[in-house]
Amino acid sequence: MRLRIAPAALTAFAAAIFRAAGSSAMEASTVAEHLVEANLVGHDSHGAIRIAKYVDWVRRGELVPNASAAVALDKGALALVDGAFGYGQVVGRLAMNEAAARARAHGFALVAIRNSGHLGRIGAWAEQLAEAGLVSVHFVNTSGYGILVAPHGGSDRRLSANPVAAGAPRPGRAPLILDIATSMIAEGKIQVARNKGEALPAGAALDWRGRPTIDPAAFYGPPPGAILPFGGHKGSGLSFFCEILAGALTGGLASNPESATAGRLVNNMLSLVVDPGAFWARDAFAEDLARLVDWTTGSPPLEPGGEVLLPGELEARTRAERTAQGVPFDPESWRSIVATAESLAVSAPATRTEE
Ligand code: NAD
């Protein structure tokens, strides 16, 4: 059994919760829209399921409502935004606006975010820039709180899930958006599997002894297990460079339990943003991209009835389906959101039950 809720009702509900937890109306709706958008594109691990955690962090003083994120270093094409431990959804939007303006002025921009709350679905930042007509790539780490992933060859938690995202605009078409954690599975998806009573995919996680497990409970412990990096040494190496680029390079710090900010969830991000007209004509870029898309998707399907999907295509299809049908929730995930709402005297909207 699952529940469905209309996106607008879910957004209003989430915004009311954040408002009750101390955010301004603007901040509350920015965070709510970002989370519901993650649900709409199918990344439930980074959607409304996060509400309970965010409110907990606010209560513990680890996440600061209405924080004053600001540009802390301005060198033209290079800038640093300090998030002041505020909601990442607000910090990210501010930083991407800065990045877009700088990329338009200089042809490219290198913008770092440090000391931000959870930046959510990282593909959202690539989408914001693609909508502004810009190509981008983003590297993210946490500075300690999110240590979950074993390095290739290791058996316990040393690295974060460290996502990488990239986006490219296409005139008149949906942008191309790659958005992946460097771990085999995002921790939020383990949470969702636990709530649904489902097993994890094989080869994604280890128990506390370093043995492969498909049981979400064996991952959480205690004692806790670890997630494996995707693609063995390749994902592990990419994750390691997320630590360098987003953490060590920006002053946001690489994952380490001894980090000054390791007691709260801090996301750091390095974004490289390029105007597609920087090296040659924008039209030439668009034409070459269209050729690449046709060439790649023209590969004969491996399986009968199969197809080659473009980065971001699955999300665009899911968005269309869920916008029409509503956002689905398993009863346990919905209960946790409603419990948080009730603790703040916010009443839950109606849902539709599906078998
Ligand atoms: P995933 O494994 O679902 O991969 C998603 C990407 O792969 C998308 O770009 C999608 O278009 C593409 N894709 C999926 N199936 C495809 C197919 N069959 N053919 C071609 N392309 C395909 O995502 P994930 O690694 O589980 O990450 C989930 C989310 O978690 C992301 O939004 C990520 O940003 C987020 N995340 C955030 C943090 C954080 O610290 N803020 C940490 C980890 C993950």
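The values are calculated or read from the model by the stated rules, or taken from the named source; none is laboratory data. Owing to the predicted nature of the structure, the values given are computational and were not obtained by experimental measurement. Every residue, glycine among them, receives a Cβ derived from its backbone with ideal geometry; neighbour counts consider all protein chains shown. Just so you know, the surface numbers come from the protein's heavy atoms only, side chains and all, with ligands and any DNA or RNA stripped out. Shrake-Rupley method; radii C 1.70, N 1.55, O 1.52, S 1.80 Å.
A few comments on the model shown:
- Cα gyration tensor category, rounded, prolate or oblate, for segment 140-201 with a/c compared to 1.5: oblate
- Segment residue 97-residue 280, length gained on full extension (0.36 nm per residue, minus Cα span): 63.5 nm
- Cα gyration tensor category, rounded, prolate or oblate, for segment 203-355 with a/c compared to 1.5: oblate
- Segment 136-151 - phi-based ³J(HN,Hα) in whole Hz, Karplus 6.51/-1.76/1.60, Gly and Pro as x: 8, 9, 9, 10, 10, 9, 10, 9, x, 5, x, 6, 9, 10, 7, x
- Ordering 236-246, 31-41 by mean Cβ neighbour count within 10 Å, with the highest value first, yields 31-41, 236-246.
- Accessible surface, per residue, of segment 303-355 when the full set of protein chains is kept, probe 1.4 Å, Å²: 59
- Rounded to whole Hz, the Karplus (6.51, -1.76, 1.60) HN-Hα couplings of segment 245-259, x for glycine and proline: 6, 7, x, 5, 5, 8, x, x, 6, 6, 4, 6, x, 8, 4
- Distances between placed amide hydrogens fall under 5 Å for residue 176 paired with 168, 170, all partners being 5 or more residues away or on another chain.
- Charge dipole of segment 205-319 (Cα centre as origin; +1 on each Lys and Arg Cβ, -1 on each Asp and Glu Cβ, all else neutral): 440 debye, rounded to the nearest 20.
- Cα centroid of segment 107-166 to Cα centroid of segment 1-62, whole Å: 20
- Cα-based reach from residue 189 at 15 Å (exclusive), listing aspartates and glutamates while leaving out same-chain residues under 8 positions away: 44, 179, 198, 215, 330, 332
- Cross-link partners of residue 196 among lysines (Cα-Cα below 17 Å; sequence separation of 8 or more within a chain): none
- Between residue 108 and 275, the built amide H atoms are under 5 Å apart, and every one of these is 5 or more places off in sequence or on another chain.
- ³J(HN,Hα) computed for each position of segment 211-222 - Karplus, 6.51 cos²θ - 1.76 cosθ + 1.60, integer Hz, glycine/proline x: 9, x, 9, 10, 9, x, 5, 6, 6, 6, x, x
- Between residue 314 and residue 345, the FRET efficiency estimated from the beta carbon spacing at R0 = 35 angstrom works out to 0.35.
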